[in-house]
Amino acid sequence: MKKMFKTLLKQKLLQERENILNKRGVTKIALIEQNGEGLSDIIDHASHNLDLAYEIKIQHRDLTYLKKISKALDKLEQGTLGDCEDCGQKITEERLLARPTAELCIACKEDQELKERQQFSTFFISQSLRS
């Protein structure tokens, strides 16, 4: 991988990490400061609880992505970023630019998604047969 491309990926990963860290702080502080105070009825409380549940879900997603960013930065330093974790082939630069945390090449990712869809379909078919 060319040094200039590595630098570009590193900058992109660091920027994504910074964006997540900055975004999360503002939303979290606003919800915590509200803390359910001033809510007049049960519907307001329910709405507030839904907002908190949504925020927790988003924070979990962001935490997962932050871990992927850290892993990608480590792999970049080790010189292994861009190697497909499934087949070992090189991940295209276009894919890495679009998704610098990509762990699989396009072919392996498509295979993974197909298997997930098949498992999902199989699960729901088996559930519907039980009813």
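Cross-link partners of LYS3 among aspartates and glutamates, defined as those whose alpha carbon lies under 19 angstrom from its own and excluding same-chain residues fewer than eight positions apart: ASP74, GLU77, ASP83, GLU93, GLU94. Straightening the chain between SER128 and GLU110 buys 3.8 nm, computed as 0.36 nm per residue apart minus the Cα-Cα spacing. Partners of LYS2 within straight-line reach, counting lysines whose Cα lies under 20 Å from its Cα and excluding those fewer than 8 residues away in the same chain: LYS10, LYS12, LYS71, LYS75, LYS90.
Out of every Cα-Cα pair in the chain, what percent are more than 27 Å apart?
Working: 3912 of 8515 pairs.
Counting pairs separated by more than 27 Å, the tail of P(r) holds 46 percent.
Within the chain, what's the longest run with no GluC sites (Glu not before Pro) in a DSSP loop and at most 13 other beta-carbon atoms within 10 Å? Give the range, please. Write out the running numbers ahead of the final one.
Details: sites that count: GLU37, GLU85.
Looking at the chain, 38-84 is the longest stretch - no exposed GluC sites (Glu not before Pro) with at most 13 other Cβ atoms within 10 Å.
Amide H contacts of ASP83 (H built 1.01 Å from N, in plane; Pro and chain starts excluded): ILE91 sit under 5 Å, all sequence-distant by 5 or more or on other chains. Of GLN78, GLN119, GLN11, the residue with the greatest mean-square motion in the GNM of the chain, using alpha carbon springs below 10 Å, is GLN119.
Bear in mind these aren't lab numbers, they're just calculated from the coordinates by the rules spelled out. This one's a predicted model, so the numbers in the text were calculated from it and none came from an experiment. Cβ atoms come from the backbone with ideal geometry, glycine included; neighbour counts cover every protein chain shown.
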